[in-house]
Amino acid sequence: MEIKKHPIKNTLLLLIMAIVLNACKKDVTTNANTNLPVVQGYLVVGKSISVKVTMQKVLTDTAVYGTPIKGLKLNISDGSSTIQLTESSAGTYIYSDSTFLTTGKTYTLKFSYLSYAVSAQTIMPAKPVNFTTQHTGMSIDDLLGNNNPLDTLNVVSWANPDSLNHVLVFNNLDGISFPASTRFGNATTDFELNTNRAAAYPFTQRTFAYYGHYQVILCTVNQEYINLLTSNASGSTSSNLSNQPTNVVNGVGIFTAMQADTLQFLVQ
């Protein structure tokens, strides 16, 4: 039985953003880089452009993110034309014409902040090809211990002849209602995995902390995304954002592009 595929939804795009933005949270800052703006920008074909710009914040500030930077003039160029983003809310700049984003083009963000000429550049990668799953679902019985935890119970695969960067994002539509095992503790229902440039990824019963219906999203991403994801996963204890990987000149954070394909999967 062939699995039904669906385009990436707005809620899933927000999930992807939230995962990466977690690595861009502000920490205590102690050097001259405290004035650098934090950029959070994600380009996805078929979606409106949104770029968030905030200040870094000090340790005593309990907010998740710094103060929004208002009144900026953000431009993005694709090499032949340039668009100007509109501030839709404090520190959030948007452009609603999704036809501006095209596979293979290089996009350059530019704006001025204080005395800094801030810029960042990214390439729109191709959409994943031939994303499929061996089975439309899988059964795990970790509570009974009948399976070897490392047994491969299913495999998702895709075409990747050039060994491009991909990540898998898992969105559990049923939430925390059905935990698969108590050993996972406070594991989240939604999570992300780096595929390490492979063309397939095996699922074991350790892959999932919860039973339920999942949207499994395969994203083609750029190296700047992988750098930030890897840094976040390593549990870095850097004292300021300048120690986090960034592709922003005269700023911190990330400006990147991605494309995705989605399939449905049941864990029972």
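Does D151 satisfy the criteria of being at pLDDT 95 or above, surrounded by fewer than 13 Cβ atoms within 10 Å (Cβ to Cβ), more than 15 Å from Y42 (Cα to Cα) and not polar (S, T, N, Q)?
No; evaluated as a whole, the condition is false for this residue.
Step by step: first the residues of segment 86-140, then only those that are more than 19 Å from the chain's Cα centre (by Cα), part of a strand (DSSP E or B) and small (G, A, S), then the one that is nearest to T152 (Cα to Cα). Which residue is that?
Only one residue tops the list, namely G137.
So that you can scan it fast, the table gives a plain yes or no per residue for (1) of a type in the set (F, W, Y); (2) at pLDDT 95 or above; (3) within 16 Å of the chain's Cα centre (by Cα):
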site	(1), (2), (3)
I176	no, no, no
T182	no, no, no
N194	no, yes, yes
A199	no, yes, no
T204	no, no, no
A209	no, no, no
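Can you pull out the residues in segment 89-126 that are of a type in the set (G, A, S) and crowded, with 17+ Cβ neighbours inside 10 Å?
G91, S119, A120, listed by residue number.
The values are calculated or read from the model by the stated rules, or taken from the named source; none is laboratory data. Predicted model only: the values in this text are computed from it and were never measured. Ideal geometry is used to build each Cβ from the backbone, glycine not excepted, and the neighbour counts take in all protein chains shown.
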